[in-house]
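Taking it in order: structure first as structure tokens, then the write-up.
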Amino acid sequence: MLRTLTLALTLCTALSTSALAATSASTPLSTSAPVFTTGGFAEIVIDRPVAQCFEILTNVNGWPDINKGVTLAVEPAHIKLKKGVIFHESIASPVPGVPNWKNDWTVQEFVPGKRFVIMGRDNFSKTPMHSRITYVFAAKTAKTTTFRRTIEVDMSDEFRAQASKPEVEALAQFLGSQWDMAQHLKKYVESTAR
């Protein structure tokens, strides 16, 4: 909670200063190569083998069960993941004043047992931005996995200029929630994997 609050305060301060706009590189959403300017990550050990962790956490059709209250739905049903596959995630807003939204994700990397990367437009604000989520899996032992979850966004000048306070708060919660999310995913995998 303290990490989320600290990030929220830092992000709110950064968005209100012209220094951030002057020092960060950004790419308009119309280009095909966003420049990711900010993000958050968490790394945790899950007491299950890599294969089980990878299978559970990259089953995007299972995300509504894994992320109850956050992921409302994933479409299409029965997604077979590989590079280039597109899927849609409906997300419940964590912030009053920001309606629920839908992200369209494209799988950028899919290396079974090792790495899963998706990129898409985060559509929670009037001015959408790109975001990228990376999952990295490594065997710590035969029965444990080091799992790292990273979120990156390309805060454009347009977002910085037009974002409402609830949208800034939603972004801060999104970026600042990585430790809580990693803890949640660890508990989920350890309670479901046999």
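The values are calculated or read from the model by the stated rules, or taken from the named source; none is laboratory data. Predicted model, so just to flag it, every value in this text is computed and none were measured. Note that each Cβ is placed from the backbone with ideal geometry, even for glycine, and that neighbours are counted across all protein chains shown. Surface accessibility is based on the protein's heavy atoms, side chains included, excluding ligands, DNA and RNA. Shrake-Rupley method; radii C 1.70, N 1.55, O 1.52, S 1.80 Å.
Using Cα positions and a limit of under 17 Å, work out the aspartates and glutamates in reach of LYS186, with same-chain residues fewer than 8 apart set aside.
Partners found: GLU43, ASP47, GLU55, ASP65.
Please report the net charge: other residues with Cβ closer than 15 Å to the Cβ of PRO112, K and R +1, D and E -1.
On the way: positive: LYS80, LYS82, LYS83, LYS114, ARG115; negative: GLU55, GLU109.
Neighbourhood net charge equals +3.
With a 1.4 Å probe and all protein chains left in place, how much accessible area per residue does the range 103-174 have, in Å²? Intermediate results must be reported in sequence, preceding the final value.
Numbers: 2980 Å² over 72 residues.
That works out to 41 Å² per residue.
Straight-line reach from LYS165: which lysines fall under 18 Å, measuring Cα to Cα and dropping same-chain residues less than 8 apart?
LYS126
Full-extension gain between GLN183 and VAL70, please, as 0.36 nm times their residue separation minus the C-alpha to C-alpha distance.
Numbers: separation 113, 0.36 × 113 = 40.68 nm, distance 1.51 nm.
Answer, rounded to one decimal: 39.2 nm.
Could you list the residues of the range 172-193 with an amide nitrogen less than 16 Å from a label point located 7 Å from the Cα of ASP47 in the Cα-to-C-beta direction?
Only 183-193 pass the distance filter.
Please report the accessible area of LYS102 (heavy atoms, 1.4 Å probe, ligands and nucleic acids excluded) in Å², nearest 10.
Roll a 1.4 Å probe over it and LYS102 shows about 90 Å².
At 1.567 mPa s and 4 °C, plugging the Kirkwood radius over alpha-carbon pairs of the range 98-194 into Stokes-Einstein gives what diffusion coefficient in µm²/s? All intermediate terms of the calculation are to be shown ahead of the outcome.
Numbers: Rh = 15.1 Å.
D, rounded to a whole number, is 86 µm²/s.
Share of the range 105-179's accessible area from carbon and sulfur, percent, 1.4 Å?
In the range 105-179, the share of accessible area belonging to carbon and sulfur is 54 percent.
Which lysines have a Cα less than 20 Å from the Cα of LYS82, not counting those fewer than 8 places away in the same chain?
LYS114
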